[in-house]
Amino acid sequence: KRAPTEPPPPPVRNTPPRPETAPPPPLQTNRSPVGNAPPVLSGEAGENALEDLLDAGKFDEALAAYKVMAKKNPADRTYRAGIELCEGLRALNQRDRLEAAQRFEAALEIDPSNERAARELAEMRRLATNERKGLLTRLMGKKDP
């Protein structure tokens, strides 16, 4: 047992001491606010980078990038429509078809030339029609072709 007048032992350090001449951290570039997303670019290169994120299924990163670009360019419809598109794709990924359809329609209302939203909405409608055909066929007792 220690005597009551002894000081407590120094804490054990698991990390090596940091050298005094450590270089400063690198400067931050114009990066997306989310993880390892590509830098937020403007113009056609930025739109291609955002499309690549959507194609890769990184909806949250694309959403964050669209929000940044919409804030920088409040008059640009494509970025506001992109936000709705990302929300719709995320809802579709979570199997919430009603929410996804509403988001795609909102994207098309904001920017009628948004091809991705139009394609996704058309695909959803096609799938719903095929499901209804199959259900009707089963109800009528016919075999599916």
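Can you pull out the residues in the stretch 69-87 that are of a type in the set (D, E, K, R) and within 16 Å of the chain's Cα centre (by Cα)? Lay out the reasoning, then the answer.
Going through the stretch 69-87, the residues of a type in the set (D, E, K, R) turn out to be 71-72, 76-77, 80, 84, 87.
If the condition is that a residue be of a type in the set (D, E, K, R) and within 16 Å of the chain's Cα centre (by Cα), then 80, 84, 87 are the ones that fit.
Pick out, from the stretch 49-127, the helices (runs of 4 or more DSSP H) lying fully within it that include 2 or more residues that are touching a helix residue (DSSP H, G or I) at 6+ places or on another chain (Cβ under 6 Å), among the acidic types (Asp, Glu) and open to solvent by 20 Å² or more (accessible area, probe 1.4 Å).
Result: 77-93.
The values are calculated or read from the model by the stated rules, or taken from the named source; none is laboratory data. Computed from a predicted model, the values in this text were never measured in an experiment. Virtual Cβ from ideal backbone geometry, glycine too; neighbours counted across all protein chains shown. With ligands, DNA and RNA removed, areas are computed over all heavy atoms of the protein, side chains included. Shrake-Rupley method; radii C 1.70, N 1.55, O 1.52, S 1.80 Å.
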